[in-house]
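Asks: Quick one: the structure is below, questions incoming.
FYI, it's all coordinate maths here, none of it is from the lab. Bear in mind that the values here come from a model prediction, so they are computed numbers and not experimental data. Cβ coordinates were reconstructed from backbone atoms using ideal geometry, including for glycine residues, and neighbour counts include every protein chain displayed.
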Amino acid sequence: MAHIILAILWILYGVLHSLLATSWVKQVFRHSKYYTFIYSLFAALSLAAILVYQFAIPQISLWVMPSWARLLLLLPMLAGLFIMAALIKKYFFALSGISAFYKNQPPVKLELDGWHRYVRHPLYSGTLLFIWSLFFMFPLLSNLIAASIITVYTLAGTVLEEKKLVMQFGKAYSDYQQRVPMLIPSFRRTD
């Protein structure tokens, strides 16, 4: 029963996270410059609550992963974590809504350099690399539930975000879509 509750919590998190990020919800709160900050705070606190619950429930191991394999999986897990941390650091003020507390807010621009030269959604790619590496390092039912639901949520969210980005940036984003893959990086030159 605890794992069913965990699955429901992850699904609710994904649905609420997506719903609160939709254009029409943002339009309702368009006069509140603190909406993104409140949204980010809610997302962080609810994520923390789900993780606390996930680690508190009885853990069911799906198989025993040999130590040497865990050690090998450490590399992609750390790579995913590094990518996530680097991008969160880069976009922290814009993503968190903290920029609302400052008078000069940076304009929104289409990112085409750095990580974005190789993949359109590097934060999502890093997240997926991290969660699946973590699952294979620690093959627990709770980790499988989390990784599976986060993957479905990320894939669906990416498709919706792509539509918003095309509406926001038009042909520039459509051209970018033709050159750069969505989630699986390509290291060939796209210039």
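Asks: Pulled fully out, how much extra length does the chain show between ILE38 and ILE60, if you take 0.36 nm times their separation in residues and subtract their Cα-Cα distance?
Replies: 4.4 nm
Asks: Here is a further query. Determine the gain in length on full extension of the stretch SER174-LEU144; use 0.36 nm per residue of separation and subtract their C-alpha separation, reporting nm with one decimal.
Replies: The SER174-LEU144 span can extend by a further 7.4 nm.
Asks: Still on this model: Scan the chain and hand back the longest stretch that contains none of the trypsin sites (Lys or Arg not before Pro) lying in DSSP loops with at most 16 other Cβ atoms within 10 Å.
Replies: The segment 110-187 is the longest one with no such site.
Asks: Which whole-number percent is the relative contact order of the chain (Cα, under 8 Å, 6+ apart)? It would help to have the intermediate numbers written out before the result.
Replies: On the way: 165 pairs, mean separation 58.4, N = 191.
Across the chain, relative contact order equals 31 percent.
Asks: Please state the charge dipole magnitude for the chain, taken about the Cα centre, from unit charges on C-beta atoms (+1 on K and R, -1 on D and E), reported in debye and rounded to the nearest 20.
Replies: Value, rounded to 20: 500 debye.
Asks: While we're here: Largest first, please: the extent of the C-alpha atoms of the chain along each principal axis, to the nearest Å.
Replies: 50, 41, 26 Å, listed from the longest principal axis down.
Asks: Over 19 Å between C-alpha atoms is what I'm after, so list which of LYS26/LYS89; LYS109/LYS164; LYS33/LYS163 land there.
Replies: The answer is LYS26/LYS89; LYS33/LYS163.
Asks: I want to check the label-to-label distance for PHE92 and LYS164. Put each point 7 Å from Cα in the C-beta direction and report it in nm to one decimal.
Replies: 2.2 nm
Asks: For LEU140, enumerate residues with amide H under 5 Å from its amide H, sequence gap 5+ or separate chain, H modeled in the peptide plane.
Replies: LEU62
Asks: Another question about this same structure. Measuring from centroid to centroid over Cα atoms, what is the spacing of region 24-44 and region 47-70 in Å?
Replies: 32 Å
Asks: Okay, moving on. Within region 1-96, list the chymotrypsin sites (Phe, Trp or Tyr not before Pro) lying in a DSSP loop whose Cβ has at most 13 other Cβ atoms in a 10 Å radius.
Replies: On the way: sites: TRP10, TYR13, TRP24, PHE29, TYR34, TYR35, PHE37, TYR39, PHE42, TYR53, PHE55, TRP63, TRP68, PHE82, TYR91, PHE92, PHE93; in loops: PHE29, TYR34, TRP63.
Answer by residue number: TYR34, TRP63.
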